[in-house]
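Peer 1: Starting off with a structure, shown below.
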Amino acid sequence: MKILVIEDDQHIADYLKKGLELKSHVVDVVYDGLSGFDLASSEKYDVIILDRMLPGLDGVQLCHKLREEKNTTPILMLTAKTEVSDRVDGLDAGADDYLGKPFAFVELLARIKALSRRPKNVTGTKLIEDTLSLDTKNYEVVRSGEIIDLSKKEFSLLEFLMRNSGQVFTKEQLTERVWSYESDVLPNTAQVYLGYLRTKIDKNFPKEKQLINTVRGFGYRLGDKK
């Protein structure tokens, strides 16, 4: 993943950069809010780690400005302020998660992984692929006017695939992005659930275009190659 760290404490910023790079992430670091806003607006990142107290433009203001610009990159806000009102201010400004200082690096990694599973560039609450639609607010899936009953995990897998339409994922990548940190996951779990989805959204609609495709030697894709 490509991660932007906006943190004015150079010691903490350098610590985060070193630790995240050891986990094979690409990390950019800036030390003030204005520089952070400029970089977040001009480059594409998978996650932004944002300190609340920053010179020039504080974290809440920066977060609010990014959301006004329709920037949907997941934001993890860091702060020494742990009062409920402070957390609410950050979340109301558009932050996706909140982590108080001091924090354990392993928890930071877990939060980043969770945020990375939230697909980006979502407009409204509906995802549409051909005749299939998924409503992220009402948890409703419809194909050709017929409501499809999905389990919670089937819904999560389909949502991930639809938000990343046209991209190929291995079963390991799907497991990591949809089932991370769950102890009951088996090596073939993603394949099993893909089978469930294929039956419900493809095989049950034989007159419609097949949406879930196997790319031999590589993995699985929803929709056409892009």
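The values are calculated or read from the model by the stated rules, or taken from the named source; none is laboratory data. Small disclaimer: the values here were computed from a predicted structure and weren't measured. Quick reminder, even Gly has a Cβ in these numbers, built from the backbone with ideal geometry, and neighbours come from all protein chains shown.
Peer 1: Within the range 35-66, can you find the residues that are of a type in the set (D, E, K, R) and touching a helix residue (DSSP H, G or I) at 6+ places or on another chain (Cβ under 9 Å)?
Peer 2: The answer is Asp46, Asp51, Arg52, Asp58, Lys65.
Peer 1: Another question, if that's okay. Does Arg177 satisfy being surrounded by 12 or more Cβ atoms within 10 Å (Cβ to Cβ), closer than 26 Å to Leu115 by Cα and over 17 Å from the mean Cα position of the chain (by Cα)?
Peer 2: So Arg177 does not fit the description; no.
Peer 1: Kindly provide the set of residues from the range 68-88 that are modelled with pLDDT under 75 and surrounded by 12 or more Cβ atoms within 10 Å (Cβ to Cβ), ordered by number.
Peer 2: Lys81, Asp86, Arg87 - these are the residues of the range 68-88 that are modelled with pLDDT under 75 and surrounded by 12 or more Cβ atoms within 10 Å (Cβ to Cβ).
Peer 1: Among the residues of the range 14-55, write down those that are part of a helix (DSSP H, G or I) and surrounded by 16 or more Cβ atoms within 10 Å (Cβ to Cβ).
Peer 2: Within the range 14-55, Leu16, Lys17, Leu20, Gly33, Ser35, Gly36, Phe37, Leu39, Ala40 meet the criteria.
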